[in-house]
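Encoded as structure tokens, the structure appears first; notes follow it.
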Amino acid sequence: MGKFDLIRTDWKKLESEETDQMKKMERPALFKEIPDNAVLIDLIPYGKIKIGNKPLLETIYDRRSKRSGSDQPLTLEELSYLLFCTNGVKNQARPMFRTVPSAGARHAIETYLQVERVETLKKGVYRYLPLTHQLVYLKEGSLNEAIEGFLGQNFNADVMFFWTAVPYRMQYRYGSASEKLILLDAGHVCQNLYLACDAIGLGACAIGAYDQEKLDWYLELDTEKEVVIYNATVVK
């Protein structure tokens with residue numbers, strides 16, 4: 001790969017690239033399957049969330065990274081708010097319409113959580129289900145275990161967000177441009193988290209430096225299909 005190949009995209013050249021979409025192959029699913037016998041947790045729906053009325057300009061001005069906070073747990077309403085703002089589905093009839101933009105509405109980003117302190121939720125690893133606005137409990141786990149994948153960085157978190165990429169969702173349509181577009185999509189998601197946190201008095205800190213193998217292993221990902229791409233902490 002050349003010096004700027006990932007940044008510089010020749011869209012005219014890509015027009016001649018035969019993608020799987022052009023071949024009329026089956027379109028990949030936009031949502032992962034739910035494990036058998038899964039424990040599902042209902043989140044508070046968008047229409048019933050009563051927090052987050054801070055003016056947008058003030059929210060943007062106040063936004064900053066925050067690695068530590070109080071010992072108070074997040075509420076389920078606060079977590080529901082953050083998840084909807086970062087990857088929620090706006091219209092059940094058209095699940096590609098989300099609260100964040102994505103190239104071609106391909107939405108290759110999945111959201112996992114390490115829950116440490118959230119009222120009514122036990123500690124452990126969860127995955128967000130955007131279509132039904134639920135969490136699926138995946139396994140036991142702790143922040144101390146997760147931190148082992150962050151190259152010696154020290155931070156506190158009530159909830160750790162892990163964003164993974166499912167590359168084929170984007171490759172299906174955009175071929176060799178997919179890497180760049182997935183990275184852009186991850187940025188959209190994380191910026192929404194920052195703004196959503198500030199709007200309700202929480203703090204966020206994006207973390208881009210991590211041990212790929214350790215975090216992929218911690219989330220028990222099938223790395224032939226899905227990998228960790230970005231992370232962030234949330235504190236009260």
What ranking do Leu135, Leu195 get, fewest neighbouring Cβ atoms within 10 angstrom at the top?
Leu195, Leu135
Using each residue's phi in the range 46-60, evaluate 6.51 cos²θ - 1.76 cosθ + 1.60 at θ = phi - 60° and report the 3J(HN,Hα) Karplus result to the nearest Hz, with x for Gly and Pro.
3, x, 10, 7, 10, 10, x, 10, 5, x, 4, 4, 5, 4, 5
Given H placed 1.01 Å from N in the peptide plane, which residues other than close sequence neighbours of Gly124 have an amide H under 5 Å from its amide H?
Val115, Gly141
Could you list which residues have their amide H under 5 Å from that of Ile44, counting only those 5 or more apart in sequence or on another chain, with H placed in the peptide plane?
Ser80
Please give me the summed charge of the neighbours of Ala108: other residues whose Cβ is under 9 Å from its Cβ, Lys and Arg +1, Asp and Glu -1.
0
Roughly how far apart, in whole Å, are the Cα centres of the range 146-189 and the range 40-93?
19 Å
For the chain, with a Gaussian network of springs between Cα atoms less than 10 Å apart, report the residue from Ser16, Ser176, Ser102 with the top mean-square fluctuation.
Ser16
About its Cα centre, the chain carries a charge dipole, from +1 on Lys and Arg Cβ atoms and -1 on Asp and Glu Cβ atoms, whose size in debye to the nearest 20 is 840 debye
Taking 35 Å as R0, compute the FRET efficiency from the Cβ-Cβ separation of Asp10 and Glu220 and round it to 0.05.
0.40
Determine by what factor the alpha-carbon radius of gyration of the chain differs from 2.2 N^0.38 Å, reporting the quotient.
1.02
Loop-located chymotrypsin sites (Phe, Trp or Tyr not before Pro) in the range 67-102 whose Cβ has at most 16 other Cβ within 10 Å (DSSP)
Phe97
Local electrostatic count at Asp211 - Lys and Arg +1, Asp and Glu -1, tallied over other residues with Cβ under 15 Å
-3
Please list 3J(HN,Hα) in residue order for the range 157-163, calculated via the Karplus relation 6.51 cos²θ - 1.76 cosθ + 1.60 where θ = phi - 60°; whole Hz, with x for glycine and proline.
6, 7, 9, 9, 8, 10, 10
Could you pull out every one of the aspartates and glutamates with an alpha carbon less than 14 Å from that of Lys123, ignoring same-chain neighbours closer than 8 positions?
Glu140, Glu145, Asp158
May I ask which of Lys48/Lys236; Lys90/Lys236; Lys23/Lys180 have a Cα-Cα span longer than 31 Å here?
none
Nearest 5 is fine: what % of DSSP beta bridges in the range 39-235 come out antiparallel, could you say?
95 percent
Using θ = phi - 60° and Karplus 6.51 cos²θ - 1.76 cosθ + 1.60, couplings along the range 133-148 (whole Hz; Gly, Pro as x)
6, 9, 10, 10, 6, 9, 5, 5, x, 9, 4, 4, 5, 5, 4, 4
Environment charge of Tyr137, counting only residues whose C-beta is closer than 10 Å and scoring Lys/Arg +1, Asp/Glu -1
+2
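Here, each number is a calculation from the coordinates, and none is a lab measurement. A quick note: this is a predicted structure, and the numbers were derived from the prediction, not measured. Note: ideal-geometry Cβ built from the backbone for every residue, glycine included; neighbour counts use all protein chains shown.
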